[in-house]
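All remarks here apply to the structure that follows.
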Amino acid sequence: MAMKESRKVFIGGTGKSGIAAAKMILEMGGEALLYNSDENTDAGNVLSSFKETDKVELVTGELRPVHLRGVHLAVLSPGIPLSADFINVLDRAKIPVIGELELAYQASKGSLAAITGTNGKTTTTAIVGEIFKTFFDDVHVVGNIGNPFSAEALSTTDESVTVVEVSSFMLETINDFRPHVSAILNITPDHLDRHLSMSNYVRCKKAIAMNQTESDYIVLNYSDTILREFGESKELKPEVIWFSSKEEPKGNGLYLLDGDIFIKENDSVTKLINVSELNLLGTHNYENVMAAAAVGLKMGVPVDNIRKALKAFKAVEHRIEFVRERCKVKYYNDSKGTNPDAAIQALNAMPGPTLLIAGGYDKHSEYDEWVKLFKGKVKKLVLIGQTRDKINECCKKYGFDEVSYAEDMNEAVKTCASYADEGDYVLLSPACASWGMFKDYEERGRIFKECVMAL
């Protein structure tokens, strides 16, 4: 994206993505106008990320047309919905709006892979990053997983290989974004408080492929009804590569059979790895491994390199992460399990009786399928946060009454420890977002681990 020195760009949001986008604009010779609708935003804290000589200003509270003089482009952080009130001000000023992902893509160079899905994005993106590092010299792992794409876009070259974890929020505001290899891991209800309907949510996920061509690839879950239909439809231009934990796919792809993962390509079948060689628990993680391997293959990484990376990979922080064993009770941190489907996967991965800590911010999720698993599996459910009454009512509906409330994480951990016997598992897998009690799921996970280590 060509940026003239006099150009000013509006940046909606003052979090990590907004700051990274503003710094990128400044590095390209432009000016940044940062905006936060919260009039109590700490200006000193936001502006401390910049040098005094930087051409950056901050507006908080109500956005007025006068603030937009000289602005030629608006960039939104992923956390800001297109329904936000100030978007109308941008529209009336006829200022085009894109997302931070699109901004970074337009400025980046090299080859790109992109991963989305309701669950498993972070783990899969991390695995892909490790696969790439065995073969390519200049690898960037960005997006939801850590560094915003815009923080690294300008440091990419024609030789760079980037993998980006993208959310439905990020895909709402793309125009030209086009990965060479994309992947949609699964689609189950999530973020309906923002997308308002399942059809809108699905549409956002599918958008990852909207600019791909016949020379590109898309990796899809053969066992997911929505994605199977999408992959078999005529609307898709990229070549489909399937992965499946339940059956051998009809087309090219990877599948799991009796603990072995196989690569199927043009009727030729090659064994990739046995799941016993992995440092990951649960069928959902074997699906993540297959998806990551498929991305690696289509980006040109040899099978031997992929196998080596898979054997070395360990679970990412906050995703069924082993914390410690105390009194022959094992503690796992799955704070990244922010919706019921992710929590189902984590609970199914526990090999024995489980004491479960759950609850948090209400994203308008339904908990029935998750709660149905509790009998014979969950020994004690300890609920925290805004959704605890809603989850408890769902438990009553299915006859599960081993429920306690806790006011904070420390109380929740201590309650689980007091009920746990030798051979039990204590699992934090909230099925809800962290907001309200915690800044984000990472803070929630860190506090859980601190409480466990303090026992």
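Before moving on, here are some points about what is shown:
- Counting lysine pairs in region 8-95 whose alpha carbons fall under 19 angstrom apart, excluding pairs fewer than 8 residues apart on the same chain, gives 8.
- Size descriptor, Kirkwood hydrodynamic radius, that averages inverse alpha-carbon separations across region 321-453, Å: 14.2
- Order of TRP242, TRP435 under a 10 Å beta carbon neighbour criterion, fewest first: TRP435, TRP242
- Sequence-separation-based contact order of region 102-312, relative, with Cα cut under 8 Å and 6+ spacing, percent: 21
- Computed helical MRE - 222 nm, the chain, DSSP H runs ≥ 4 contributing -39500 (n - 2.57), nearest 500: -9000 deg cm²/dmol
- For MET453, MET28, MET290, order by how many other beta-carbon atoms lie within 10 Å, fewest first: MET453, MET28, MET290
- Sites VAL66 and ASN45 - FRET efficiency at Förster radius 35 Å, r taken between beta-carbons, to 0.05: 0.90
- Taking label points 7 Å from Cα along the Cα-to-Cβ direction, ILE95 and GLU247 give a separation of 5.2 nm.
- Length gained on full extension, MET198 to LYS397: 69.2 nm, using 0.36 nm per residue less the C-alpha separation.
- In a simple Cβ point-charge model (Lys, Arg +1; Asp, Glu -1; nothing else charged), the chain has a dipole of about 160 debye relative to its Cα centre.
- Using C-alpha pairs under 8 Å with a sequence gap of at least 6, the mean separation divided by the residue count of the chain gives a relative contact order of 11 percent.
- Computed magnitude of the charge dipole of region 1-138 (debye, nearest 20; Cβ of K, R +1, Cβ of D, E -1): 360
- Spatially proximal aspartates and glutamates relative to LYS390 (Cα-Cα < 13 Å; intrachain offsets below 8 disregarded): ASP362, GLU366, ASP368
- Note: relative contact order over region 241-331, using C-alpha pairs below 8 Å and six or more positions apart, is 19 percent.
- About the Cα centre, charge dipole magnitude for region 284-363 (Lys/Arg +1, Asp/Glu -1 at Cβ), debye: 320
- Selection among MET170, GLN212, THR415 by position relative to the dipole of the chain gives THR415 as farthest towards the positive end (Cβ unit charges, Cα centre).
- Think of the chain as having a plus end and a minus end, set by charges on the Cβ of Lys, Arg, Asp and Glu; of TYR332, ILE241, LEU254, TYR332 sits farthest toward the positive end of this dipole.
- Each listed q (0.10, 0.13, 0.16 Å⁻¹) maps to a log10 I(q)/I(0) for region 156-303 from the Debye sum over equal C-alpha point scatterers, namely -0.36, -0.60, -0.91.
- Cα gyration tensor, region 18-114 - rounded (a/c under 1.5), prolate or oblate: oblate
- Counting only lysines at least 8 places from LYS250 when in the same chain, those with an alpha carbon closer than 28 Å to its own are LYS121, LYS205, LYS206, LYS234, LYS237, LYS264, LYS271, LYS298, LYS308, LYS311.
- Sorting the segments 39-51, 57-69 by their mean number of nearby beta carbons within 10 angstrom, highest to lowest, gives 57-69, 39-51.
- Overall Cα dimensions of the chain - principal axes, largest extent first, Å: 66, 56, 37
The numbers here are math on the coordinates, done by the rules we state, and not lab data. Only a predicted model underlies this, so the values are computations on that prediction, with no experimental measurement involved. Here Cβ is always computed from backbone atoms with ideal geometry, including for glycine, and neighbour counts include all displayed protein chains.
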